[in-house]
Amino acid sequence: MTIMETTPDSVFNYVFKRIIYFNSNRKDLIIKTLEVIKDEILKTNSCDTFECIVYIDSFGIYCNSENVINQFERFLISKLPDNTLIHPHYIVNSVNFEDITRFQTHTHLPLGRCILEAIQVIKESIDKFTLENIFLSFNGGKDCVVLLYLFQAVLEELKLNGQIKAVFFQSDDQFSEEEDYVQSTVNRFNLDLTVIKGELKSGLNDFLKENPHFCASIIGTRQSDTGSTKLQFFQKTDPGWPILVRVQPLLHWNYDNIWSFLRQFSIPYCSLYDKGYTSLGNKSKSHPNPNLKYIDENTGEVKYWPAFLLQDSNSERENRL
């Protein structure tokens, strides 16, 4: 186990990483637990090398196999007491957007291809409509969070300084955790946010009447979403809806790609995802995913793994009624 204050150059030879924060008074426990987990993983993954480096208030796991990292995280959460780890949504850390754009060069990896494709679609949308005529549909869910960070990465690469316009279509049955996350993200990015309450179609229609220059909306729809298999990157709204082009850069992403992105770049996300929620809908119809339920071996309590440890991505929406 390596204990350092800065990241050594050697870890940059690895493709995947996880930076995980912990309560500083639990550092000795963290080091001891990491040693045990490292030995367990090496028994079954002797061909995959990895580095585990402990910093002042965080540690990094670096490996060329994301499966090994996921296994490491599962072991870690199962062995540590509650409130030992500090999840990304409680950390005010800066995301390196250059890391995001650099990762698209890894075209041999699913995540690299996904990032490359999404960035190309976002750039094309800016070329077609200009930044001033595009808004981001943002409700705090995991997919639109990925979109926001990709959007910002593109703006930084293109050296565009304009403020991102975001629209939050808020239901009457919203989780307060989602609302809190949206507000914290608005503050983090200085987003120009409009909140629209009530029915989606009429709300969108009113918004476009007041802001007729908007002609495109960037949306986090994936083809794995219900009824979305035939969608295209640029798609006009259906008949009867306000006229708008839906820009959908994440069409070919899946659940695992979404979480790979969020975890790889240490991006804060809504706290509900760490309580077993895998998909966020109306509060009254969303519950922790039963596929993430487990029994704590130390306390005997029923608990839920975080959403990023869901093993069957086809069960993503099994937490919604």
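Some notes on this structure:
- Rounded to 5, percent antiparallel among DSSP beta bridges of the stretch 124-206: 0 percent
- Of the trypsin sites (Lys or Arg not before Pro) found in the stretch 215-321, those in coil by DSSP whose Cβ has at most 12 other Cβ atoms within 10 Å are 230.
- Alpha carbon centroid spacing (whole Å) that separates the stretch 101-119 from the stretch 147-186: 22 Å
- Accessible surface of the stretch 28-142 [probe 1.4 Å, protein heavy atoms]: carbon and sulfur percent: 50 percent
- Percent RCO, i.e. relative contact order, over the stretch 181-243, from Cα pairs under 8 Å lying at least 6 residues apart: 26 percent
- Estimated Rh, the chain: Kirkwood, alpha-carbon pairs, angstrom: 21.0 Å
- Unsatisfied cross-links (Cα-Cα over 25 Å) in the set 27/142; 142/230; 123/165; 27/283: 27/142; 27/283
- Our note on the geometry: Cα centres of the stretch 23-74 and the stretch 250-321, 22 Å apart.
- Share antiparallel - DSSP beta bridges, the stretch 97-247, percent rounded to 5: 20 percent
- Loop sites here are GluC sites (Glu not before Pro) outside DSSP states H, G, I, E and B with no more than 13 other Cβ atoms within 10 Å. The longest part of the chain free of them is 6-198.
- Based on Cα contacts under 8 Å between residues 6+ apart, the chain shows a relative contact order of 16 percent.
- Rounded to the nearest 5, the antiparallel percentage of DSSP beta bridges internal to the chain is 55%.
- Computed over the stretch 201-267, the P(r) tail beyond 19 angstrom holds 44 percent of alpha carbon pairs.
- Solvent-accessible area per residue, Å², over the stretch 232-302 with all protein chains present [probe radius 1.4 Å]: 45 Å²
The values are calculated or read from the model by the stated rules, or taken from the named source; none is laboratory data. From a predicted model like this one, the values you see are computed outputs, not experimental measurements. As a convention, Cβ positions derive from the backbone with ideal geometry for all residues, glycine included, and neighbour counts pool all protein chains shown. Accessible surface is based on the protein model in full, side chains and every heavy atom, while ligands, DNA and RNA are left aside. Shrake-Rupley method; radii C 1.70, N 1.55, O 1.52, S 1.80 Å.
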